[in-house]
1. Can you go through Glu18, Glu49, Glu62 and tell me which one is acidic (Asp, Glu) and modelled with pLDDT under 85?
2. Yes or no: Val194 more than 22 Å from the chain's Cα centre (by Cα), at pLDDT 75 or above and over 30 Å from Trp26 (Cα atoms)?
3. So which residues in the stretch 131-160 are among the hydrophobic types (A, V, I, L, M, F, W, C), closer than 30 Å to Leu173 by Cα and open to solvent by 70 Å² or more (accessible area, probe 1.4 Å), if there are any at all?
4. Being within 27 Å of Ala172 (Cβ to Cβ), in a helix (DSSP H, G or I), open to solvent by less than 60 Å² (accessible area, probe 1.4 Å) and modelled with pLDDT of 80 or more is true for just one of Thr91, Thr114. Which residue is that?
5. Looking at Val48, Val99, Val44, Val85, which is the one that is open to solvent by 50 Å² or more (accessible area, probe 1.4 Å) and within 17 Å of the chain's Cα centre (by Cα)?
6. Here are some residues: Met84, Met66. Which one is within 23 Å of Met168 (Cα to Cα), in contact (Cβ under 8 Å) with a residue 12 or more places away in the chain and of a type outside the set (Asp, Glu)?
7. Mind checking which residues of the stretch 131-159 are free of Cβ contacts under 8 Å to residues at least 40 places away in the same chain and of a type in the set (Asp, Glu)?
8. Look through Ser123, Ser128 and report the one residue that is touching a Leu at 6+ places or on another chain (Cβ under 8 Å), surrounded by 15 or more Cβ atoms within 10 Å (Cβ to Cβ) and without any contact (Cβ under 8 Å) to a residue 60 or more places away in the chain.
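The values are calculated or read from the model by the stated rules, or taken from the named source; none is laboratory data. Fair warning: this is a prediction, and the values are worked out from it, not measured in the lab. Using ideal geometry, Cβ is built from the backbone for each residue, glycine included, and neighbour counts are taken over all protein chains shown. The accessibility values were calculated without ligands, DNA or RNA, using every heavy atom of the protein model including side chains. Shrake-Rupley method; radii C 1.70, N 1.55, O 1.52, S 1.80 Å.
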Amino acid sequence: MTTKKTTSVPSRLANFTEIAVDRSRWLLVPAYLGLTVVVFMISVRFLVELWHALGAFWTMKESSLMLMSLTLVDMVLLGNLVLMVLIGGYTNFVSRIDVQATDRPAWLERVDATGIKHKLFGSMVAISGVHVLRAFMNLGELSPLEQADARVNLAYMLVTHGVFVLSMVLLALADRFVAGASVLKASGQESRIV
């Protein structure tokens, strides 16, 4: 005599909900494809800026060369930031990237949320630093009347940059604290906050 296994309605509903929640991660794929387009747009804009810089190279002042270089560095850092969000987010939340490649960066093999947070904050601090440096260098090319507004803007930029740096330091300390607590817990010792 065979018995038919019956499942209750709440159990089937819970199973359906769990499957739907699990599959919902694929709804992020259009966003990640959009970020791929953004990386392409940044690359094209970089090449346009480089082309303009090459055209004006022979008549360019040293300060203009520095500002142009900072602009290009800023674009590269922005591209790196978007790429890290794209690859890290897709890998952590949608699916593992399983493409055979020999030139793959080492950090792709060990992508985790903590590493991505640190890389993102590092990129944000670097981008912010480039913007502050560019604004500082632009001060000399402004009229005295424009300099007053630019100095106020520079002060706000410095405060924002400081907040990014402080946030990065606090995040690193928090991650170190959590990692230390995990090690103590794994070794069977009680963790104490001193």
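1. Values: Glu18 fails: modelled with pLDDT under 85; Glu49 fails: modelled with pLDDT under 85.
Going through Glu18, Glu49, Glu62 in turn, just one is acidic (Asp, Glu) and modelled with pLDDT under 85: Glu62.
2. Numbers: more than 22 Å from the chain's Cα centre (by Cα): yes; at pLDDT 75 or above: no; over 30 Å from Trp26 (Cα atoms): yes.
Criteria not met by Val194.
3. Our first condition is that a residue be among the hydrophobic types (A, V, I, L, M, F, W, C); within the stretch 131-160, this holds for 132-133, 135-137, 139, 142, 145, 148, 150, 152, 154-155, 157-159.
Filter once more, keeping what is closer than 30 Å to Leu173 by Cα: 132-133, 154-155, 157-159.
Selection gives Leu133, Leu158, Val159.
4. Working: Thr114 fails: modelled with pLDDT of 80 or more.
Answer to the selection: Thr91.
5. Values: Val48 fails: within 17 Å of the chain's Cα centre (by Cα); Val99 fails: within 17 Å of the chain's Cα centre (by Cα); Val44 fails: within 17 Å of the chain's Cα centre (by Cα).
The unique qualifying residue is Val85.
6. Details: Met66 fails: within 23 Å of Met168 (Cα to Cα).
Being within 23 Å of Met168 (Cα to Cα), in contact (Cβ under 8 Å) with a residue 12 or more places away in the chain and of a type outside the set (Asp, Glu) holds for just one of Met84, Met66, which is Met84.
7. If we filter the stretch 131-159 for residues that are free of Cβ contacts under 8 Å to residues at least 40 places away in the same chain, which is where we start, we get 132, 135-136, 139, 142-159.
Once the filter is applied, which keeps residues that are free of Cβ contacts under 8 Å to residues at least 40 places away in the same chain and of a type in the set (Asp, Glu), the stretch 131-159 yields Glu146, Asp149.
8. Working: Ser128 fails: touching a Leu at 6+ places or on another chain (Cβ under 8 Å).
Testing whether each residue is touching a Leu at 6+ places or on another chain (Cβ under 8 Å), surrounded by 15 or more Cβ atoms within 10 Å (Cβ to Cβ) and without any contact (Cβ under 8 Å) to a residue 60 or more places away in the chain leaves just Ser123.
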